[in-house]
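In what follows, a structure is listed as structure tokens, so that the remarks can point back to it.
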Amino acid sequence: MIQPRNISINDYDYDLPSHRIAQYPLAQRDESKLLIYNGSIEQNTFKNLASFLPAHSMLVFNNTRVVRARLMFKKKTGASIEIFCLEPMEPTREIQDAYQQKSGVVWKCLVGNRKKWKGEILEMPFSFNGDERVLKAERVSDTDEYSLVKLCWQPEQLDFATVLEETGKIPLPPYMNRDAEESDLQRYQTIYAHHDGSVAAPTAGLHFTRVVLDSLAQKQISTHYLTLHVGAGTFKPVSQELVGQHTMHREQILVKQSLLQSIINKNNQPLIAVGTTSVRTLESLYWLGVKMLKNHTESHYNLHQWEAYELSQSNTVLPTLNEALGAILAHMNQSHSDDFRSETQILIGPGYEFKVIDGMITNFHQPKSTLLLLISAYLGSAWKSIYDYALQNHFRFLSYGDSCLFFTPKGL
């Protein structure tokens, strides 16, 4: 497997006019356009997705839930300070647990207007159950880009998830250039969102409705779920010329034993990942299993940016998918846990050989982004003609934009 370290990101650029970036979703989720590529390009409407999938396929969704991670404080001078909660640091780094913590948590944050926050404790009043409450923020330390912020509130027994629901705003992507509105609370969330933890939606899932899910079931297409908590790093462009100079963001994942068993038992059923976050999680699982087969002694396994390529080169014969996933199941059984938790930093780019997925459903991605590199790893150079077609045929781009189904003979 060839590493994409020496690839020039300039080869993954294209002209995306600002008016082609969807600022709002369509009135109906499943009325978005669907571009289908299976060696040739055609277009349809997303509500007809089941018509383009083989019967008995497996669809794997990311059921993370977007949290109201933007906190807007006002200083006594009137200056606005925005605190964007990115990831928990204390008393736990596990996102699944961090939202259940009581008063006194520390998070890594982006702070807007940080120069005007001189170190005083900020306060934000809010109402809960008809009573006035207060949320306090204290800057603990700074790096060039981030701050560690301690958040405390009254009453202390409220969990952090509840506090954010009462005080925070939905963090729309920076390219939308607008404040979140009431409608975004519902529309920038999949209908199956379950686990709190993302600061960006897994947008391929935004098109699904109950009608679409029912149409999949009628065709005996099974639906399965995993969790990857999407971080703000998903929007970070590759700013260096060579891909190898880019530092990929880390994201936490959670997978149930039942999903691993379903993949092991799928026989020849095609597996379609819904969204690049699901792709990254599923492919990471294979390599995490490979790590476990090489070293049984670790208690916690994470996947670093280039580790998949290094593991590929260091193994003369790679384990099968079932062997790799079986290693994770054995680890879970040994730990007496139904949940497998990990972090992945995997960068999937041209040269990567897919081990788990047969196809994907995804939106259109930003120029010079790691997500576009992932698409190219699956499609090869065909991504250029696909994106040209979408631009020429008035498809809507990025988070609230239209959708693609990539399910190629190569993928099979």
Query raised in the report: What is the number of the single condition among (1) more than 24 Å from Ala22 (Cβ to Cβ); (2) touching a Lys or Arg at 6+ places or on another chain (Cβ under 8 Å); (3) not in a strand (DSSP E or B); (4) not acidic (Asp, Glu) that Leu259 does not meet?
Result: (2)
Query - Selection count where residues are among the charged types (D, E, K, R) and buried (at least 17 other Cβ atoms within 10 Å of the Cβ), scope region 288-312 - result: 2
Query raised in the report: In region 313-325, which residues are surrounded by fewer than 18 Cβ atoms within 10 Å (Cβ to Cβ) and either touching a residue at least 60 places away in the same chain (Cβ under 8 Å) or among the small types (Gly, Ala, Ser) (or both)?
Result: Gln313, Ser314
Query raised in the report: Conditions: (1) more than 15 Å from Ser57 (Cα to Cα); (2) touching a helix residue (DSSP H, G or I) at 6+ places or on another chain (Cβ under 9 Å). Val274 meets all but one. Number of the miss?
Result: (1)
Report task. Quickly run through region 21-50 and pick out the residues that are in contact (Cβ under 8 Å) with a residue 60 or more places away in the chain, assigned to a strand (DSSP E or B) and within 23 Å of Gln189 (Cα to Cα). Result -> Ile21, Lys33, Leu34, Leu35
Report task. Report yes if some residue within region 150-162 is over 30 Å from Ala27 (Cα atoms), in a helix (DSSP H, G or I) and either more than 18 Å from the chain's Cα centre (by Cα) or modelled with pLDDT under 95 (or both); otherwise report no. Result -> yes
Requested in this report: Specify which of the listed residues (Ile81, Ile95) is surrounded by 16 or more Cβ atoms within 10 Å (Cβ to Cβ) and within 20 Å of Glu165 (Cβ to Cβ).
Outcome: Ile95
**Report entry** Ser239 vs. criteria under 16 Å from Leu371 (Cβ atoms), buried (at least 18 other Cβ atoms within 10 Å of the Cβ) and out of contact with any helix residue (DSSP H, G or I) (no Cβ under 8 Å at 6 or more places or on another chain)
**Finding:** no
Query raised in the report: Among the listed residues Asp358, Asp388, Asp338, which satisfies the condition of being surrounded by fewer than 18 Cβ atoms within 10 Å (Cβ to Cβ) and under 18 Å from Leu282 (Cα atoms)?
Result: Asp338
Report summary line: Going through region 14-49 in order, the residues found to be touching a strand residue (DSSP E or B) at 6+ places or on another chain (Cβ under 9 Å) and of a type in the set (Gly, Ala, Ser) are Ala22, Ser32
**Report entry** Qualifying positions in region 336-377 - of a type in the set (Gly, Ala, Ser) and in contact (Cβ under 8 Å) with a residue 12 or more places away in the chain
**Finding:** Ser342, Gly349, Gly351, Gly359, Ser369, Ser376, Ala377
Query raised in the report: Which of the residues spanning region 196-211 are surrounded by 18 or more Cβ atoms within 10 Å (Cβ to Cβ) and either more than 11 Å from the chain's Cα centre (by Cα) or hydrophobic (A, V, I, L, M, F, W, C) (or both)?
Result: Asp196, Val199, Ala200, Ala201, Ala204, Leu206, His207, Phe208
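The values are calculated or read from the model by the stated rules, or taken from the named source; none is laboratory data. Given the structure is predicted, the values throughout are model-derived calculations rather than measurements. As a convention, Cβ positions derive from the backbone with ideal geometry for all residues, glycine included, and neighbour counts pool all protein chains shown.
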